Amino acid sequence: MSKVAAPLCAFLAALPEPAAGFAVLLPAGRFRARDGRPGPGKYWECTEQTAAQLIADGRRRGTPYVIDYEHQTLNAKDNGHPAPAAGFFQQMEFRPGVGLVTADLRWTDRAAQMIRDGEYQFLSPVFTYDDDCQITGLVCAGLTNLPATDGTRVAALTQLIAGDSMDIVQQLIALLGLAAGATPETILQAVQDLVSRAASTAACKTEHETQVAALKAAVAAAQSAAPDPTKFVPIGVMTEMQTRLAALTTQVQTDEGQRLIDAALNDGRLLPEQKVWAQTLAAVNVAHLKTYLASAKPLAILAGTQTAGKPPAGLQDKSAHSEEYLAVCKQLGIEPEKPAA
């Protein structure tokens, strides 16, 4: 069952011309009347969906909606007084954050003058709603000074609108960095240029983000990919192998140097006093030790046992010295021992 709401105040927007413009019919969101309607804990609500239904109703109407004085259109049958129109509208639109507004409001000259003179300050819509407080239709609207809700003064003064519009234009010129007094065409071109630059910047940003993402993906793939075992070995294994190779090389050089030193001590190319020096040189550069020993001449008198531990040939007893013994004594400059008797 539909109900008709008592008049509710809505904001009447400022108009560039007194006889044409727009006005707010229903405020966006939830609202209630000052007298408590639609009831305790209840409220009306103007949403985009609600507005769409009312806008469609207006397009289907054969006649425009009327704006009267003090809702006399509803009261005429009871008081018998005339109900002259203050204005008409039929086209409506929904503005987010504002509400349902007229798009083709036309004031009569009388109403426009009364609004200029401050004789009327509020616009109050009349609408129907169901038991769930859902708005179902728009009936009319009226100029009034006693609205059902807190409203805003009518601001349909030409001087106010012109001042506000010029202020907005000047702010736009300043924001765009244009010279004072720029024409509308210049302002529009500046806005179009700004939009183009913003689109170009967004495209470059997208391209850069794509490149960065591709590089990150490539790095991640490289880090996660398993190395080819035929081409790479772990660093730990390589380090261990290098350490073991160095130790083995040192051991080989040490063993080789010791063999050279032992042989040189045995055949007289090295004196016992030279053993430590030779070992130090072998540890540093065994090749240099080889070169030295290759040029050194053996001393037979310092060599090991010449007869492999056997008595010299011809020396059967101690009654005579062998020729080899005498030769050694001669080289050393010592006297042979006297043979035992």
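The values are calculated or read from the model by the stated rules, or taken from the named source; none is laboratory data. All values derive from a computational prediction rather than experimental measurement. Positions of Cβ are generated from backbone atoms using ideal geometry, with glycine treated the same way; all protein chains shown enter the neighbour counts.
Points worth noting:
- Odd one out for residue 23, checked against (1) surrounded by 13 or more Cβ atoms within 10 Å (Cβ to Cβ); (2) within 12 Å of residue 137 (Cβ to Cβ): (2)
- The residue that is surrounded by the most Cβ atoms within 10 Å (Cβ to Cβ), among those in segment 105-129 that are part of a loop (DSSP other than H, G, I, E, B) and on the phi < 0 side of the Ramachandran plot, is 120.
- The set of residues in segment 174-193 being over 34 Å from the mean Cα position of the chain (by Cα) and part of a helix (DSSP H, G or I) consists of 184, 185, 186, 187.
- Enumeration of residues in segment 259-272 that are loosely packed, with under 14 Cβ neighbours inside 10 Å and either more than 15 Å from residue 299 (Cα to Cα) or within 60 Å of the chain's Cα centre (by Cα) (or both): 259
- Sole residue being modelled with pLDDT of 85 or more, out of contact with any Ser or Thr (no Cβ under 9 Å at 6 or more places or on another chain) and under 20 Å from residue 121 (Cβ atoms), chosen from 102, 47: 102
- Test for residue 109: is it among the acidic types (Asp, Glu), over 23 Å from residue 62 (Cβ atoms) and assigned by TED's automatic domain parsing to the domain that holds residue 67: yes
- Residues in segment 30-83 that are farther than 20 Å from residue 137 by Cβ, touching a residue at least 24 places away in the same chain (Cβ under 8 Å) and either β-branched (Val, Ile, Thr) or part of a loop (DSSP other than H, G, I, E, B) (or both): 34, 35, 70.
- Restricting segment 53-98 to residues that are exposed (fewer than 13 other Cβ atoms within 10 Å of the Cβ) and small (Gly, Ala, Ser), the residue that is farthest from residue 119 (Cα to Cα): 56
- Boolean, residue 191 is modelled with pLDDT of 75 or more, among the hydrophobic types (A, V, I, L, M, F, W, C) and within 27 Å of residue 170 (Cα to Cα): yes
- The C-beta contact set for segment 271-282 (first residue assigned to a helix (DSSP H, G or I), second residue surrounded by 14 or more Cβ atoms within 10 Å (Cβ to Cβ) and among the hydrophobic types (A, V, I, L, M, F, W, C), distance under 6 angstrom, 6+ apart or interchain) comprises 278/261; 278/270; 281/289; 282/289.
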